[in-house]
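J.: Here it is, the structure in full.
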Amino acid sequence: MSELAALQTTLAAEHAAVYVLGVLGAQTSQSATPELFTAVSDTYAAHRARRDHLTRTITDLGEQPVASEVAYEVPVDLSTVEAVTRRALRLERECATTYAFLVGSTTGDRRAWAMRALQMTAVRELAFRGTPEMFPGSNEHADH
Amino acid sequence: MPDRPTTATTRRTALGVVLGGLVGVSACDAVDLDPRSEPAASGSPTEPPADADTVLVEQVVADLVAMLAPAATSRARDVRRVEASFFALHVAHLGALDAPEPEGPAPQATLSRADGLRSLRRRERQHQRRLEDACLAATSGALARLFASMSAAVAQRLAVLPEERP
């Protein structure tokens, strides 16, 4: 896959992440669940920033950034802290896989950016009850 | 640091396994980057020259081996548990690079809790930076991805490392 195609794929993933995190944020309460509220809010801000960065990068390459879908699938029942946490963790793990893929498809500054995004995403998993992994974003190595 | 054989066969095997075991990598990439696909240099009938990625793998393996042989560890039980978690991580990373776990004497547990944590944090941060450098230098995207993942794993453990108490 070309570098541009990998950037577009990552941007599409970030569009989905921003949407899903918006839905998750609406299910959290700053007063009732302050830690989860902060974790989701911070994660939402991080993904928005990455989405905007990817959009600028693709535009600077003279290409049209892939657009967001109208809506994305989210679990029907997000009424509990556990459900929101579980979905947020899954999202971060999926994004880690996406950024690992972007690392492998880019070079230079773009690879460095993708590498940092992978690190930050892996660390953010821990805010959603994730545990440290052996190969964040590259789990096929875990059973080696 | 224990000596480790670095024969051409070992290099070829390590990189071949790393590249061959990756998901989502095109066959063309793997063939192009696997030293086994390169013709042997004229006048060198037995050993092809090491390419840049093979050298990177060797450097990372050497660094991992060094990480498993610190001069000293902490006397504090909770710090030793954290050290064990990092050791398990480095052994898993050696496995992904098809390198064996080194054998050697256990390090002396002589450091205080604070010194043990400080030493561990410093060494692991340095190791993480070397993994980042290797990721950025890798010619193979598959190898870069593996190094990035290894670096992220170290970052996760550093994020939950306890603070040093006086």
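J.: Between beta-carbons, use under 11 Å as the cut-off and find the net charge around B:Leu89, counting Lys and Arg +1, Asp and Glu -1.
T.: Values: positive: B:Arg157; negative: A:Glu133, B:Glu83, B:Glu124.
That sum, taken over residues with Cβ under 11 Å, equals -2.
J.: If one computes the Cα centroid of the range A:66-128 and of the range A:16-32, what distance in Å separates the two points?
T.: Each part's Cα centre sits 14 Å from the other's.
J.: What does the charge count around A:Pro75 come to, taking other residues whose C-beta lies under 12 Å from its C-beta (Lys +1, Arg +1, Asp -1, Glu -1)?
T.: Values: positive: A:Arg86, A:Arg87, A:Arg90; negative: A:Glu73, A:Asp77, A:Glu82.
Summing Lys and Arg as +1 and Asp and Glu as -1 gives 0.
J.: Considering only C-alpha atoms, what is the centroid distance from the range B:103-124 to the range B:55-84, in Å?
T.: 8 Å
J.: Anything in chain A that counts as a DSSP H helix reaching 18 Å or more along its axis (C-alpha) with Kyte-Doolittle mean of at least 0.0? List them, would you? Please report the intermediate quantities before stating the final value.
T.: Values: long enough: A:3-26 (35 Å, 1.12); A:34-60 (39 Å, -0.71); A:81-105 (36 Å, 0.14); A:108-125 (26 Å, -0.64).
Correct list, ordered by number: A:3-26, A:81-105.
J.: Determine the sum of side-chain charges near A:Arg129: Lys and Arg each +1, Asp and Glu each -1, restricted to other residues whose C-beta is under 10 angstrom from that of A:Arg129.
T.: Values: positive: A:Arg86; negative: A:Glu82, A:Glu125.
For residues surrounding A:Arg129, the net value is -1.
J.: Once you place label points 7 Å from the Cα toward the Cβ at B:Phe87 and A:Ala5, how far apart are they in nm?
T.: Going from the B:Phe87 label point to the A:Ala5 one covers 4.6 nm.
J.: Okay, next question. Classify chain A from the C-alpha gyration tensor, please: rounded if a/c falls under 1.5, else prolate or oblate depending on whether a/b exceeds b/c. Please list the in-between numbers first.
T.: Details: a/c = 2.08, a/b = 1.39, b/c = 1.49.
Judged from the Cα gyration tensor, chain A comes out oblate (a/c at least 1.5, b/c at or above a/b).
J.: Viscosity 1.306 mPa s, temperature 10 °C: give me the Stokes-Einstein translational D for the range A:1-42 in µm²/s, with Rh taken as the Kirkwood radius over C-alpha pairs.
T.: On the way: Rh = 11.6 Å.
My calculation gives 136 µm²/s for D.
J.: Then there is this: Give the dimensionless ratio obtained when the Cα radius of gyration of the range B:48-166 is divided by 2.2 N^0.38 Å.
T.: Values: Rg = 14.9 Å, N = 119, 2.2 N^0.38 = 13.5 Å.
The range B:48-166 yields a ratio of 1.11.
J.: What is the fewest-to-most order of B:Glu124, A:Glu35 by other Cβ atoms lying within 10 Å of their Cβ? Don't skip to the answer; put the middle values down first.
T.: Details: B:Glu124 21, A:Glu35 11.
Going from sparsest to densest Cβ surroundings: A:Glu35, B:Glu124.
J.: Kindly put A:Ser138, A:Ser41, A:Ser2 in sequence by how many other C-beta atoms sit within 10 Å of each C-beta, fewest to most. Please report the intermediate quantities before stating the final value.
T.: On the way: A:Ser138 29, A:Ser41 15, A:Ser2 8.
Lowest count first: A:Ser2, A:Ser41, A:Ser138.
J.: Considering amide H positions built from the backbone, and no H for Pro or chain starts, which residues 5 or more places from B:Thr73, or on another chain, come under 5 Å of its amide H?
T.: It is B:Gln108, B:Ala109, B:Thr110, B:Leu111, by chain and number.
J.: I've got another one for you. Please build a GNM for chain A, connecting alpha carbons under 10 Å apart, and tell me which residue among A:Ala13, A:Ala117, A:Ala26 fluctuates the most.
T.: Of the options given, A:Ala26 has the highest mean-square fluctuation.
J.: Let me ask something else about it. How would B:Arg129, A:Arg87 line up from fewest to most surrounding beta-carbon atoms within 10 angstrom?
T.: On the way: B:Arg129 12, A:Arg87 20.
By the 10 Å Cβ count, ascending, the order reads B:Arg129, A:Arg87.
We did not get these values from a lab; they are worked out from the coordinates using the rules stated. Model, not experiment: these values are computed from the prediction. Using ideal geometry, Cβ is built from the backbone for each residue, glycine included, and neighbour counts are taken over all protein chains shown.
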